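**Student:** Quick one: the structure is below, and I'll ask about it shortly.
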Amino acid sequence: MSKNDFSSLNLHADLLKNLTTLNYTQMTAIQAQSLPPMLQGKDIIAQGQTGSGKTAAFGLALLNKLEVKRFRIQTLILCPTRELAEQVSKELRRLARSIHNIKILTLCGGVSFGPQIGSLEHGAHIIVGTPGRIEDHLRKGTLRLDHVNTLILDEADRMLDMGFQDAIDDIIDQAPSENRQTLLFSATFPKQIKSIANRITKNPVTVTVASTHDDSSIEQHFYSVKNNDQRLQAVQLLLLHHRPESTVIFCNTKIETKEVAEELLADGFDALAIHGDLEQVDRDQALLRFANKSASILVATDVAARGLDIDSLDAVFNYHIAHDPEQHTHRIGRTGRAGKKGIACSLISDKEFHKVSLLEDYLGMEIKTEELPNRSELNFEPMQAPMATLRIDGGKKQKVRAGDILGALTGDHGLQGKDVGKIQLMDNWAYIAIKRELIKTALKRIANGKIKGRTFRVRQV
Ligand code: AMP
């Protein structure tokens with residue numbers, strides 16, 4: 001028996017037998033690391049991405065613990081979208097095939113309440129749902145969490161991206177805190193996730209499968225350039241060659257960020273500049289549009305990029321190689337996170353070559369410059385960002401919630417959850433990222449529809 005056999009775990013025999021029929025022979029890395037502590041009843045904080053087998057990991061832990069004869073809601077699983085909630089329920093049903101009379105209920109927005117209330121009246125063991133709708137049921141009194149002893153947050157980072165922080169806090173407040181096992185799964189760990197994890201888990205075991213920041217996941221390239229014209233051309237060729245969805249280009253001065261962004265924009269790239277001269281609101285809006293993938297290139301100085309809390313940059317470009325090796329490492333460390341591959345391209349002029357020797361000593365590797373991509377082999381189609389942003393003139397003060405906006409967009413055969421990206425609520429307005437090709441449809445739905453019984457002004461920013 002290898003140590004990754006499911007049979008090495010203390011699982012009920014019927015669950016184990018079913019795993020063989022599902023053809024799950026060996027545990028995946030996240031399962032091997034998280035199942036032993038979860039089965040001991042410990043809280044965990046796990047880095048789990050789609051495809052890692054995270055659903056079966058928490059699914060087996062919760063099913064092993066569930067008391068089927070006690071017909072009470074014992075597990076609550078929160079997911080960011082209806083699609084994920086449905087996927088989770090489906091996987092749980094597969095894992096629970098050998099357990100009779102187990103009731104799993106999916107509660108998501110965008111559909112009417114009536115049938116959900118009917119199902120809740122019949123009772124359930126496990127609820128899988130989106131925070132907005134779960135919160136609505138709690139408010140209506142159609143759902144109670146008094147008997148919940150396992151709480152799971154799946155794709156916690158995405159839930160926060162979608163503006164569900166308040167809803168999640170509200171839900172957790174209504175679940176028992178004594179004897180509750182809390183399992184938090186997230187692909188990335190920005191500050192907000194760390195803080196929610198601290199608040200809701202007790203002595204958690206941390207499970208990291210792929211390192212969140214592993215230098216070997218960054219592919220570094222160096223190019224030699226003669227002057228600034230050549231720098232700009234090199235950047236364009238490299239962008240067209242790699243076609244990254246999100247890139248930060250580091251410049252040394254404010255003026256340079258403006259010039260580079262303007263030139264790129266003029267050539268059809270979705271670029272934005274951030275530098276110290278911007279008003280706070282313009283800076284926030286630029287960062288927000290970049291973070292929600294409505295702009296694919298951010299041109300920044302090191303200082304302006306300081307507050308950038310984005311975990312999944314595809315590429316970092318050094319318009320000029322950084323002043324020193326620490327700064328270089330810090331810049332490129334913004335890509336290649338969360339188990340993803342990242343690209344770092346650095347441009348070096350003759351005058352800057354002394355910095356390369358320093359970097360070679362620091363990294364303990366020889367740096368060779370490469371040829372730029374060949375024009376004739378490039379795809380010159382415009383590189384548009386995948387999303388676009390709507391701004392609604394209604395926010396927290398108008399009691400608009402992320403779930404209300406999502407409901408207005410996705411209800412009655414509207415958009416699908418996967419077409420909607422980040423939803424960010426401000427005091428008096430909200431920003432919503434929508435797949436670029438659906439932006440007009442989304443705009444019309446909001447302009448002609450109602451949110452909380454009211455019509456709000458909406459525009460694309
Ligand atoms: P997830 O990361 O939860 O979305 O799971 C990814 C896929 O892997 C799903 O289709 C699961 O059914 C499958 N899967 C999960 N665990 C195992 C395992 N131990 N062996 C084989 N397949 C698995």
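**Student:** How far is helix 54-65 tilted off the main Cα axis of the chain, in degrees rounded to 10, range 0 to 90?
**Tutor:** 20
**Student:** Okay, next question. For the range 387-460, which whole-number percentage of the solvent-accessible area (1.4 Å probe, protein heavy atoms only) is attributable to carbon and sulfur atoms? Display every interim value, and only then the final one.
**Tutor:** Numbers: 1810 of 3670 Å².
Carbon and sulfur: 49 percent of the exposed surface of the range 387-460.
**Student:** Tell me the label-point distance for the pair Ala447, Lys399, using the 7 Å Cα-to-Cβ offset, in nm and rounded to one decimal.
**Tutor:** Between Ala447 and Lys399, the label points sit 2.8 nm apart.
**Student:** Accessible area per residue for the range 6-208 in Å², computed with a 1.4 Å probe and the full protein assembly in place, what is it?
**Tutor:** Working: 8620 Å² over 203 residues.
Result: 42 Å² per residue.
**Student:** Determine the dipole magnitude for the chain: charges of +1 sit on the beta-carbon of Lys and Arg, -1 on that of Asp and Glu, nothing else is charged, the reference point is the Cα centre, and the result goes in debye to the nearest 20. Walk me through the numbers on the way to the answer.
**Tutor:** Values: 59 positive and 56 negative charges, 469 e Å.
Roughly 2260 debye for the chain.
**Student:** Report the charge-dipole magnitude of the range 215-377 in Debye, nearest 20, computed about the Cα centre from +1 at each Lys and Arg Cβ and -1 at each Asp and Glu Cβ. The partial results should precede the final answer.
**Tutor:** Values: 18 positive and 28 negative charges, 49 e Å.
Charge dipole of the range 215-377: 240 debye, to the nearest 20.
**Student:** Protein chains only, probe 1.4 Å: how do Ile348, Ile343 rank by accessible area, largest first?
**Tutor:** Values: Ile348 0, Ile343 30 Å².
Largest accessible area first, the residues go Ile343, Ile348.
**Student:** How would you classify the range 6-208 from its alpha-carbon gyration tensor, with a ≥ b ≥ c the square roots of the eigenvalues: rounded for a/c under 1.5, else prolate if a/b is greater than b/c, otherwise oblate? Walk me through the numbers before you get to the answer.
**Tutor:** Values: a/c = 1.58, a/b = 1.15, b/c = 1.37.
Since a/c reaches 1.5 but b/c is at least a/b, the shape of the range 6-208 is classed as oblate.
**Student:** Is the range 215-377 best put as rounded, prolate or oblate by its Cα gyration tensor, with a ≥ b ≥ c the root eigenvalues, rounded for a/c under 1.5, and otherwise prolate when a/b is larger than b/c, oblate when not?
**Tutor:** Details: a/c = 1.42, a/b = 1.30, b/c = 1.09.
Cα axes put the range 215-377 in the rounded bin.
**Student:** Just need the relative contact order of the range 212-367 here, percent rounded to a whole number, with Cα pairs under 8 Å and 6+ apart. List each step's numbers first, then the result.
**Tutor:** Numbers: 264 pairs, mean separation 54.5, N = 156.
Result for the range 212-367 is 35 percent.
**Student:** Now for a different question. Tabulate in residue order the Karplus-calculated ³J(HN,Hα) for the range 435-449, using 6.51 cos²θ - 1.76 cosθ + 1.60 with θ = phi - 60°, rounded to whole Hz; enter x for Gly and Pro.
**Tutor:** Using θ = phi - 60°, the values come out as 3, 3, 5, 10, 5, 5, 4, 5, 4, 5, 4, 6, 5, 9, x Hz.
**Student:** Can I ask one more? Viscosity 1.002 mPa s, temperature 20 °C: Stokes-Einstein D of the range 387-460 from its Kirkwood Cα radius, in µm² per second?
**Tutor:** On the way: Rh = 11.8 Å.
Translational D for this selection: 182 µm²/s.
**Student:** Where the only charges are on Cβ atoms (+1 Lys, Arg; -1 Asp, Glu), what is the dipole of the range 387-460 about its Cα centre, to the nearest 20 debye?
**Tutor:** Dipole magnitude for the range 387-460 comes out near 160 debye.
**Student:** Considering only protein heavy atoms, what per residue accessible area in square angstrom results for the range 387-460 with a 1.4 angstrom probe?
**Tutor:** Working: 3670 Å² over 74 residues.
Each residue of the range 387-460 exposes 50 Å² on average to a 1.4 Å probe.
**Student:** Per residue, how much accessible surface does the range 215-377 expose to a 1.4 Å probe? Answer in Å², no decimals.
**Tutor:** 47
**Student:** Okay, next question. Take the alpha-carbon centre of the range 224-247, take the same for the range 60-76, and report the distance between them in whole Å.
**Tutor:** Distance between centres, Cα-based: 55 Å.
**Student:** Then there's this: How many nm separate the modelled label positions at Asp284 and Lys341, each set 7 Å beyond the Cα in the direction of the Cβ?
**Tutor:** Placing both labels 7 Å along Cα→Cβ, they lie 3.8 nm apart.
**Student:** If packing is taken as the mean number of other Cβ atoms within 10 Å per residue, what is the order of 104-111, 264-271, 448-455, highest first? Don't jump to the answer; show the numbers that get you there.
**Tutor:** On the way: 104-111: 21.4, 264-271: 17.6, 448-455: 12.5.
In decreasing order of mean packing, 104-111, 264-271, 448-455 become 104-111, 264-271, 448-455.
**Student:** Compute the longest continuous run of the chain that contains no exposed GluC sites (Glu not before Pro); treat a site as exposed when its DSSP state is not H, G, I, E or B and it has at most 16 other Cβ atoms within 10 Å. Mind showing how you got there, number by number?
**Tutor:** Numbers: sites that count: Glu67, Glu178, Glu245, Glu279, Glu366, Glu370, Glu371.
Between the exposed loop sites, the longest stretch runs 68-177.
**Student:** What spacing in nm lies between the two simple spin-label points modelled at Arg375 and Phe113, each 7 Å away from Cα in the Cβ direction?
**Tutor:** The modelled label-to-label distance comes out at 6.4 nm.
**Student:** Please state the shape class of the chain: rounded when a/c is under 1.5, otherwise prolate if a/b exceeds b/c and oblate if not, all from the C-alpha gyration tensor. Don't skip to the end; give the middle numbers.
**Tutor:** On the way: a/c = 2.44, a/b = 1.49, b/c = 1.63.
Note, shape of the chain comes out oblate.
**Student:** Full-extension gain between Ile255 and Asp350, please, as 0.36 nm times their residue separation minus the C-alpha to C-alpha distance.
**Tutor:** On the way: separation 95, 0.36 × 95 = 34.20 nm, distance 2.19 nm.
Net length gain for the segment: 32.0 nm.
**Student:** Here's a follow-up. Of Lys422/Lys452; Lys54/Lys103; Lys293/Lys396; Lys3/Lys42; Lys341/Lys435, which sit over 25 Å apart, Cα to Cα?
**Tutor:** Working: Lys422/Lys452 20 Å; Lys54/Lys103 21 Å; Lys293/Lys396 23 Å; Lys3/Lys42 20 Å; Lys341/Lys435 23 Å.
Correct reply: none exceed it.
**Student:** Separate question: For the range 89-132 and the range 315-379, write down the distance between their C-alpha centroids in whole Å.
**Tutor:** The two parts, judged by their Cα centres, are 50 Å apart.
**Student:** Can you send over the carbon and sulfur percentage of the accessible area for the range 160-261, probe radius 1.4 Å, protein chains only?
**Tutor:** Values: 2120 of 4730 Å².
Exposed carbon and sulfur together represent 45 percent of the surface.
**Student:** What chymotrypsin sites (Phe, Trp or Tyr not before Pro) in the range 369-461 are in a loop by DSSP, with at most 13 other Cβ atoms within 10 Å of the Cβ?
**Tutor:** Numbers: sites: Phe380, Trp429, Tyr431, Phe456; in loops: Phe380, Trp429, Phe456.
Those that pass, being in a loop and sparsely packed, are Phe380.
**Student:** So how much slack lies between Leu39 and Gln230, counting 0.36 nm per residue of separation and subtracting their Cα-Cα distance, in nm?
**Tutor:** Here the segment from Leu39 to Gln230 would lengthen by 62.9 nm.
**Student:** Run lengths n ≥ 4 of DSSP H only: what is the helix-derived mean residue ellipticity at 222 nm for the chain, with -39500 (n - 2.57) per run over all residues, to the nearest 500?
**Tutor:** Numbers: 16 runs with 169 residues, N = 461.
Roughly -11000 deg cm²/dmol at 222 nm, from the helical runs in the chain.
The values are calculated or read from the model by the stated rules, or taken from the named source; none is laboratory data. Quick caveat, the model's predicted, so the values are computed rather than measured. In this analysis, Cβ positions are derived from the backbone assuming ideal geometry, glycine residues included, and neighbour counts consider all displayed protein chains. All accessible areas refer to the heavy atoms of the entire protein, side chains included, with ligands and DNA or RNA removed. Shrake-Rupley method; radii C 1.70, N 1.55, O 1.52, S 1.80 Å.
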